[in-house]
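Just passing along the structure, written as structure tokens.
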Amino acid sequence: MKIVSKLYVLIGILIVAAAFNLFLLYQDEKSGIFGPGSDQQTIIQVLLAVDIATFFLVPVVIRQSLSPLETVNKALSRVKEGMYGEKIKYTSEDEIGELVSSFNIMSDTIKEKEEQAKKTDIAKDEFLAMITHELKTPLVPIQGYSDILLNEHLGKLTPEQKNRLSIIKSSSETLLGIISDLLDVQKLDIGQLRMKKDNADIKESIVKSISALAPQAEKKEIHLTSNAKNYVLYHDSERIKQVLTNLIKNAMIAVEPKKGKIEIDMEETPSEIQISVKDNGTGIPHDKQKDLFKKFYQVDTTLTRERGGSGLGLAICKGIIENHGGKICVESEEGKGSKFTFTIPKLPLEIT
């Protein structure tokens, strides 16, 4: 029997019994036909007891009938948190049963759609990774032949020709960097970015990153310093150099030539090594800091377009550091510079 029908029956019994009681009491008061201890008086008492029992039974039935709603509500909360595919067991064919049946169908449908979406995303990421790899391949000979021509191995060049070839080489390097970033971030998304971790001196990784960018810093008269110390740490030195290079390049863009200062600081704690890149540049507005490590996010798109960049560098840095079991964060105040800090645990962690 459905919940509404149950309630109708109980309420009907309550109303009929109450009406009959009132009728008998009215007749007794009017005609005095019921004497004490008579059968009629007993009937009135029984009906009164039925009234009282029905009155207390109605809330119990309502509570029992509606209690499954709490289970449905909890299941909906879990769906809201992303736990799809859960089913509720309920056998009664009442209104709650219909609601539970609809919920189970909805839960199965959402789970199926979620799995299809994941498969589609994986296929898209794999396709994009393949395309970026194929785009990267023809850039290598472009750079190679540009170097050959610039070194005049195939004959003398005029200053104008050298200038044009330098532009070709520079543009190909920028394009190669963007494609490499895109390839790395796609590999991170599908879990295919390779890490070659080994016990190595972290100071060497820091020094090599600084040395590679020192000529650019000198050209812009940017003061670049470091307090790196020797410490053997389990890490992928090439990937950590990639992180440091990206952070230092960003700092060089943020600071003013001839006034810029960039400090690479290394600190040791009982459980990890902390490495920070601090600059005295323009700083980052507080409302934009929370999105810095998202893919394709750029604080100043105009400046980025002028100097190159894909908005993927910090997202890649975050992926690399998290793969090492560490964290990366930023502290910045507009007009007072920025400080990017990442950590690497001293003990190697098993990263899934």
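The values are calculated or read from the model by the stated rules, or taken from the named source; none is laboratory data. Bear in mind that the values here come from a model prediction, so they are computed numbers and not experimental data. Here the Cβ is made from the backbone with ideal geometry for all residues, glycine too, and neighbour counts use every protein chain on show. Ligands, DNA and RNA are excluded from the accessible area calculation, which covers all protein heavy atoms including side chains. Shrake-Rupley method; radii C 1.70, N 1.55, O 1.52, S 1.80 Å.
If residue 114 passes every condition in (1) at negative phi; (2) loosely packed, with under 12 Cβ neighbours inside 10 Å but one, which one does it miss?
All conditions are met except number (2).
Among the residues that make up segment 269-279, is at least one of them closer than 26 Å to residue 176 by Cα, at pLDDT 90 or above and in contact with an Asp or Glu (Cβ under 9 Å, 6 or more places away or on another chain)?
yes
Step by step: first the residues of segment 187-213, then only those that are among the basic types (Lys, Arg) and assigned to a helix (DSSP H, G or I), then the one that is surrounded by the fewest Cβ atoms within 10 Å (Cβ to Cβ). Which residue is that?
Restricting to residues being among the basic types (Lys, Arg) and assigned to a helix (DSSP H, G or I), the top hit is 208.
Next question. Does residue 103 satisfy being touching a Leu at 6+ places or on another chain (Cβ under 8 Å), open to solvent by 60 Å² or more (accessible area, probe 1.4 Å) and at pLDDT 65 or above?
Considered against the rule, which asks whether it is touching a Leu at 6+ places or on another chain (Cβ under 8 Å), open to solvent by 60 Å² or more (accessible area, probe 1.4 Å) and at pLDDT 65 or above, residue 103 comes out as no.
Follow-up question, since we're still on this one. What tally of residues in segment 231-277 results from selecting those that are buried (at least 17 other Cβ atoms within 10 Å of the Cβ) and part of a helix (DSSP H, G or I)?
17
Residue by residue through segment 132-173, note down the ones that are of a type in the set (A, V, I, L, M, F, W, C) and either open to solvent by 70 Å² or more (accessible area, probe 1.4 Å) or assigned to a helix (DSSP H, G or I) (or both).
Across segment 132-173, the qualifying residues are 135, 139, 140, 142, 148, 149, 150, 154, 165, 167, 168.
Run down 72, 61, 50 and say which single residue is modelled with pLDDT of 70 or more, among the hydrophobic types (A, V, I, L, M, F, W, C), surrounded by 14 or more Cβ atoms within 10 Å (Cβ to Cβ) and assigned to a helix (DSSP H, G or I).
It is 72.
Restricting to segment 278-292, give me the number of residues that are surrounded by fewer than 19 Cβ atoms within 10 Å (Cβ to Cβ) and under 17 Å from residue 312 (Cβ atoms).
2
Going by the structure shown, is residue 184 open to solvent by less than 50 Å² (accessible area, probe 1.4 Å) and either modelled with pLDDT under 85 or out of contact with any Gly (no Cβ under 8 Å at 6 or more places or on another chain) (or both)?
Values: open to solvent by less than 50 Å² (accessible area, probe 1.4 Å): yes; either modelled with pLDDT under 85 or out of contact with any Gly (no Cβ under 8 Å at 6 or more places or on another chain) (or both): yes.
Considered against the rule, which asks whether it is open to solvent by less than 50 Å² (accessible area, probe 1.4 Å) and either modelled with pLDDT under 85 or out of contact with any Gly (no Cβ under 8 Å at 6 or more places or on another chain) (or both), residue 184 comes out as yes.
Okay, moving on. Do we find that residue 96 is modelled with pLDDT of 70 or more, within 27 Å of residue 9 (Cβ to Cβ) and aliphatic (A, V, I, L, M) in this structure?
yes
Residue by residue, here is whether (1) at positive phi; (2) surrounded by fewer than 17 Cβ atoms within 10 Å (Cβ to Cβ); (3) modelled with pLDDT under 85 holds:
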residue: 295; (1), (2), (3): no, no, yes
residue: 298; (1), (2), (3): no, no, yes
residue: 306; (1), (2), (3): no, yes, yes
residue: 309; (1), (2), (3): yes, no, yes
residue: 314; (1), (2), (3): no, no, no
residue: 326; (1), (2), (3): no, no, no
residue: 331; (1), (2), (3): no, yes, no
residue: 337; (1), (2), (3): yes, no, no
residue: 346; (1), (2), (3): no, yes, no
